[in-house]
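Below is one structure; the comments refer to it alone.
The values are calculated or read from the model by the stated rules, or taken from the named source; none is laboratory data. As the structure is a prediction and not an experimental result, all values here were calculated from the model. Counting neighbours? That spans all protein chains shown, and the Cβs are built from the backbone with ideal geometry, glycine included. SASA here: full protein model, heavy atoms, side chains in, ligands and nucleic acids out. Shrake-Rupley method; radii C 1.70, N 1.55, O 1.52, S 1.80 Å.
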Amino acid sequence: MAKSKKKKDTEFSVADALRVPAGPVRVEDFDPGAAPAYPGEGKDDAPAQMAAMAPELSDLQERLYAAGRDNPDSPRLLLMLQGLDTSGKGGVIRHAVGMVDPQGIDLTAFKVPTAEERAHHYLWRIRKALPAPGMIGIFDRSHYEDVLVVRVDELVSMEEIPRRFDEINAFEAELADQGITLIKCFLNVSHEEQKERLLERLRDPEKHWKYNPGDVDVRMKWTDYMDAYSDVLTHCNTERAPWFVVPADRKWYRNWAVARLMLEHLRALDLGWPAADFDVTGEIARVDAT
């Protein structure tokens, strides 16, 4: 199997820059307006930086897809996007994930659980949505809603939350054992920037469809959500499934950083092209004869 040609980026690693350190952390420890490891000048050259990644990212995604076509044991990638309203989950999907072939993407947006989903364990709907071999799965929200929303809205007892942390860690270790590479991104938007984005939606009639009055209800619980996210980043940040905190106040950086995380994780898989299971020389002769 021919191996991919990997670029040597000795000057920076976004994964290293954004990875949450081991031990107790607080959301307040991370600057939502920063741009760690960004190699360019800023917003003006962000389109060029994105374009520079596109060919290699597309090539590696095609290798991943090709490997999974006939091999149930081939690797998979799962990008999980968590963040409060306006943090940019949709923007990341359009601008970062949108750089690769959509036929190799499994996208699931987890909404409020349906009656059927509530009748099962909270991981039931997650397991159903896991990417197939060779695919890149995208979760717009995830099982972490069941230690975030349910905590803030007091839908379960506080004693249940640590048990769910342990359950989630075991579940994610199981996924890693199955060959699923997890990229868990918390899109970190500031309280001030969220306010501006909500007002922008209200001031522009073309963006009214994006606005949900319930977003303000959630915003009023900001401190409770920051406490819940801090505990998630502390207790579910394992060696096999680490968290990455992506500064989200600058949309251009947020999109670039997530695309770069995908690229770095795909490179680490050291993907090659599947070997032909037919006589190549013979097939060339047959095609030439037609």
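The table below lists the values:
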item	result
For the chain, built as a Gaussian network whose Cα springs stay under 10 Å, the top-fluctuating residue of K89, K210, K43	K210
Gain upon complete extension [E41, L199; 0.36 nm per residue less C-alpha separation]	54.0 nm
Over region 47-195, equivalent-ellipsoid semi-axes from the Cα gyration tensor in Å	28, 21, 12
Dipole moment magnitude, nearest 20 debye, the chain about Cα centre, only Lys, Arg, Asp, Glu C-beta charged	400
Label-reachable residues, region 207-240, where backbone N falls under 20 Å from a point 7 Å from S157's Cα toward its Cβ	none
Rounded percent of accessible protein surface that carbon and sulfur make up, region 33-175, 1.4 Å probe	52
Surface accessible to a 1.4 Å probe, per residue, for the residues of region 169-290, Å²	49
Neighbour net charge for P75 - beta-carbon separation under 11 angstrom, K R +1, D E -1	0
Using a Förster distance of 45 Å, the FRET efficiency for R240-T290 (Cβ separation, nearest 0.05)	0.35
Kirkwood-based shape ratio for the chain, expressed as Rg/Rh from alpha carbons	1.00
Spherically averaged projected area of region 1-129 from its Cα convex hull (nm²)	11.7
Length released on extending from K221 to E264, taking residue separation times 0.36 nm less the Cα-Cα span	12.0 nm
Förster-model FRET efficiency, 51 Å R0, T114 and F278, C-beta, rounded to 0.05	0.65
Segment Q178-A129, length gained on full extension (0.36 nm per residue, minus Cα span)	16.2 nm
Computed [θ] at 222 nm, deg cm²/dmol, the chain (DSSP H ≥ 4; -39,500 (n - 2.57); rounded to nearest 500)	-13500 deg cm²/dmol
Nearest 10 degrees, 0 to 90: helix 46-68 Cα axis against the chain principal axis	60
For region 199-248: span of alpha carbons on each principal axis (Å, largest first)	45, 20, 14
C-alpha long axis of helix 222-235 to longest principal axis of the chain, angle in °	50
Kirkwood Rh (inverse of mean 1/r, distinct Cα pairs), region 245-290, angstrom	14.4
Using alpha-carbon coordinates, inclination of helix 191-203 to the longest axis of the chain, degrees	80
Cα-Cα over 28 Å, subset of K128/K221; K128/K251; K111/K184; K128/K195	K128/K221; K128/K251; K128/K195
Label-to-label distance, nm, for residues given as F165 and D29 (7 Å Cα→Cβ offset)	1.3
List V27, V112, ordered by accessible area with a 1.4 Å probe, largest first	V112, V27
Computed accessible area, T114, all protein chains, 1.4 angstrom probe, square angstrom	70
Cα gyration tensor category, rounded, prolate or oblate, for region 114-217 with a/c compared to 1.5	prolate
